[in-house]
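Enquirer: Before we start, here is the structure in question, set down as structure tokens.
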Amino acid sequence: MRNLEISLGKVCNNRCVFCATGEQSRNIRGWMDPEEVRRSLRKGREEGAESVGFVGGEPTLLGALPELVRLARELGYVRVALCTNGRRLSSRPLLQSLLEAGLTRVALSVHSHRADLEDHITGVPGAFRQKLSALELLTAARRAGQLPHGLSLNTVLHARNVASLPRLVSFFHRRGCGDMRLNFIRPEVAPDQARRWVPSFGRTTGRIRELLLFNETRLGARITLADFPLCRLPWELLANPRLRRRYLGEPLDLDTRVAMHRPSAKGGTKEFQWREQRVEYLKRHPAVCGRCPLRSVCEGVWRGYLDLFGEGEFEDGPRLARMAR
């Protein structure tokens, strides 16, 4: 299924310390012109997209969102998704208006199972409580068949949650959400905070191994891992085809073209392929990767991570990749 992702604008009601839109993007105010959104939706359908996702910033702050969801369904999009911090979806009327308009999937951004840490990350006291209220409404909607393409958690893996991943996943699994995407943090978006929030892969690999063992033997949740260089994942995962199919996020991702609000661009909208953007501009391969048998299928490492930690820990990557095979 081909996917169109529309980044409606950077307006947000949170101030997350490691926001993936980056410090520079915080200065891009306003929303994409509604007519540009409609044009992007029509163009996406003409190019064969059957799925569309609305992202931000925080898209639920846009009053026209239900209308845009409805238009997407009228144009023939089968899958209409929303990525949100969830705070405004604690309001039943807003959520119901989106469901009635034709919303079929929600990805809820939450980065801790602890209220104090989530509120600190978002910069908003009470944000965690609002997110749990939204999750309760969303799980009820999913059980009622109103979210046919699912409900998932969109979680950044960072230095403050890496040691408690089984507890984090269990916490939300008990509350009805057993689908979680763990995205390794993008260091370059908050350089002044990077040393506090970015764990090394050396610290992370063993924790991922613990999480997978816990999930395989006790929980059975749907967990996908994204933005990890393959050689830094547990070799047991890479060596097992069933585990690769289950846990590696990038092979499961839809072919996605992004339309992003960018006032400096022609028409106020910048368009690009998301995978190409990651591989060509946001990530790179250390020199040693040229000897790695996984080089052609691995996206590489966030550039900001290499700026922080260097390339030394990847020296054994080719050897680990050969072991995994």
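Enquirer: Got a sec? Charge dipole of the chain, +1 on Cβ for Lys and Arg, -1 for Asp and Glu; which of S152, C16, A239 is way out at the positive end?
Expert: Sorting the options by dipole projection puts first A239.
Enquirer: Restricting to DSSP H runs of at least four residues, report the calculated mean residue ellipticity at 222 nm for the chain, -39500 (n - 2.57) per run over all residues, nearest 500 deg cm²/dmol.
Expert: It comes out at -10500 deg cm²/dmol, rounded to the nearest 500.
Enquirer: Considering all alpha-carbon pairs of segment 202-325, what whole percent are spaced by more than 22 angstrom?
Expert: In whole percent, the long-distance tail amounts to 44.
Enquirer: Hey, another quick one. When the label point is put 7 Å from the Cα of A239 along its Cα-to-beta-carbon vector, which residues of segment 287-323 have a backbone N closer than 14 Å?
Expert: What the label zone holds, given the 14 Å backbone N cut-off, is 319-323.
Enquirer: Given the convex hull over the Cα atoms of segment 255-325, what projected area results after averaging over all orientations, in nm²?
Expert: About 6.3 nm², averaged over all directions.
Enquirer: Now a separate question. I'd like the distance between the alpha-carbon centres of segment 52-89 and segment 170-206, rounded to an integer number of Å.
Expert: 25
Enquirer: What are the extents of the Cα atoms of segment 1-129 along their three principal axes, in Å, largest first?
Expert: Result for segment 1-129: principal-axis Cα extents of 45, 32, 26 Å.
Enquirer: Would you calculate the separation in nanometres between label points at T217 and E67, each defined as 7 Å from the Cα along the Cα-to-beta-carbon direction?
Expert: Between T217 and E67, the simple spin-label model gives 5.6 nm.
Enquirer: Dividing the Cα radius of gyration by the Kirkwood radius, what Rg/Rh value follows for segment 114-241?
Expert: 0.98
Enquirer: If R0 is 35 Å, what FRET efficiency do you get for E50 and R92 from their C-beta distance, rounded to 0.05?
Expert: 0.75
Enquirer: Could you work out the mean projected area of the convex hull around the alpha carbons of the chain, in square nanometres to one decimal?
Expert: Result: a mean projected hull area of 15.8 nm².
Enquirer: Can you give the relative contact order of segment 80-125 as a percent, counting alpha carbon pairs under 8 Å and 6+ residues apart?
Expert: Values: 33 pairs, mean separation 20.2, N = 46.
Relative CO of segment 80-125 lands at 44 percent.
Enquirer: Below 8 Å between Cα atoms, with a sequence gap of 6+, how large is the relative contact order for the chain in percent?
Expert: About 18 percent, as a whole number.
Enquirer: Among W302, P263, N215, whose Cα sits farthest toward the positive end of the charge dipole of the chain (+1 at Cβ of Lys/Arg, -1 at Cβ of Asp/Glu, about the Cα centre)?
Expert: So the residue furthest toward the plus end is N215.
Enquirer: Tell me the Rg and the Dmax, in Å, that the Cα atoms of segment 177-267 produce.
Expert: Rg and Dmax of segment 177-267, Cα atoms, are 16.2, 52 Å.
Enquirer: Still on this structure, please answer the following. Quick one: compute the contact order of segment 1-151, relative version, from alpha carbon pairs under 8 angstrom and 6+ residues apart, as a percent. Each step should come with its number before you reach the end.
Expert: Values: 247 pairs, mean separation 36.5, N = 151.
Reported relative contact order: 24 percent.
Computed from the coordinates by the stated procedures, all read-outs in this text should not be read as laboratory data. Nothing here was measured: the structure is a model prediction, and the numbers come from that model. Positions of Cβ are generated from backbone atoms using ideal geometry, with glycine treated the same way; all protein chains shown enter the neighbour counts.
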